[in-house]
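Below is one structure, written out as structure tokens, with a few remarks after it.
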């Protein structure tokens, strides 16, 4: 027998063992239930229509004076920031000594199809701010907005004046919507009849929103499934994959009028970037934002490229303003192991000295 033959047999045995493990683990993956998410203990402070306000239980005895209100995008579930114990931005903040609240969303009812941006900026967010202040007894509140939750937070801060937040934190927040190139192509007003869509469906079907994100990288799902198959015997990898996959598929429908307004005024008109956007009859001026602001962007964000987010820090009137660009994508910037190593500690360092 040649020297090479035992090596060939050993490699063959190894590949057969891996194939068996894939089959066993694959069957377990297909037959198991959805992974648990959003496990950090919390109280529901308020529900009103699509609005949900949570208050998370503290994890340390001493907390910072200034509480945090996280504002989610209206199409995304808030548990992306609370995926699992040990892999939770919310848990990280609580352990660091922050008092954390979250403005999360449920799918709008058919009767809420006429909700507009004004309803979120002038009603839902201010209502939650009042409740946070009442619950904590503190006037100062830090607002943290993710993606379009950041846009809503920016609009609120710009029009709220002295009644706005003590600090503003934004993650991957667009201002120049003309730089969302693929979204611009798909929503081109020569071909996209947003009025017909809203008048036909009322609230926009979540499948349409999900498909628009999928089309940004058409091969990404297939590539992710190949990677999953290669790592199917790694329980930790599979658990993290399933948590993110559940969130990615759990898209919320935007209210019809809100979607129409976003399309016409932001996507087509680019009015926020131009300084022409009016909320409740008041022009939104980024220069009116004087509060300390922290903006984190991702180097490889295919949803909100840096050119779309760059004008935020340049446009605000704050003298205390920080922007950081970190490796990662739109989701991995804020959630997962890379976020825990990169973004979360940097935010804690910045926010801690502004929360006393």
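Any read-out appearing in this document is the output of simple, stated calculations on the displayed coordinates, not a laboratory observation. Computed from a predicted structure; not experimentally measured. All Cβ positions, glycine included, derive from the backbone under ideal geometry; neighbour counts span all protein chains shown.
See the values below:
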{"quantity": "Label-point gap, in nm, between residue 106 and residue 300 - each point 7 angstrom along Cα→Cβ", "calculated": "3.8"}
{"quantity": "Cβ-Cβ FRET estimate between residue 314 and residue 235, R0 fixed at 30 Å, reported to 0.05", "calculated": "0.10"}
{"quantity": "Extension gain (nm, one decimal) between residue 65 and residue 285, 0.36 nm per residue minus Cα-Cα", "calculated": "76.3 nm"}
{"quantity": "Extension gain (nm, one decimal) between residue 199 and residue 11, 0.36 nm per residue minus Cα-Cα", "calculated": "61.5 nm"}
{"quantity": "Ordering of 332-339, 343-350 by packing [mean C-beta count within 10 Å, highest first]", "calculated": "332-339, 343-350"}
{"quantity": "Region 42-352: relative contact order in percent, alpha carbon pairs under 8 Å with at least 6 residues between", "calculated": "22"}
{"quantity": "Cβ-derived FRET efficiency at R0 56 Å, residue 189 paired with residue 353, nearest 0.05", "calculated": "0.75"}
{"quantity": "Likely footprinting exposure, 132, 8, fewest C-beta neighbours within 10 Å first", "calculated": "8, 132"}
{"quantity": "Inter-label distance, nm, simple model (7 Å from Cα along the C-beta direction), residue 95/residue 211", "calculated": "4.2"}
{"quantity": "By average C-beta atoms within 10 angstrom, highest first, the peptides 199-209, 167-177", "calculated": "167-177, 199-209"}
{"quantity": "Peptides ranked, highest mean first, by Cβ atoms within 10 Å: ranges 184-197, 272-285", "calculated": "272-285, 184-197"}
{"quantity": "Order of 181, 42, 113, 162 - criterion: other Cβ atoms within 10 Å of each residue's Cβ, fewest first", "calculated": "162, 181, 42, 113"}
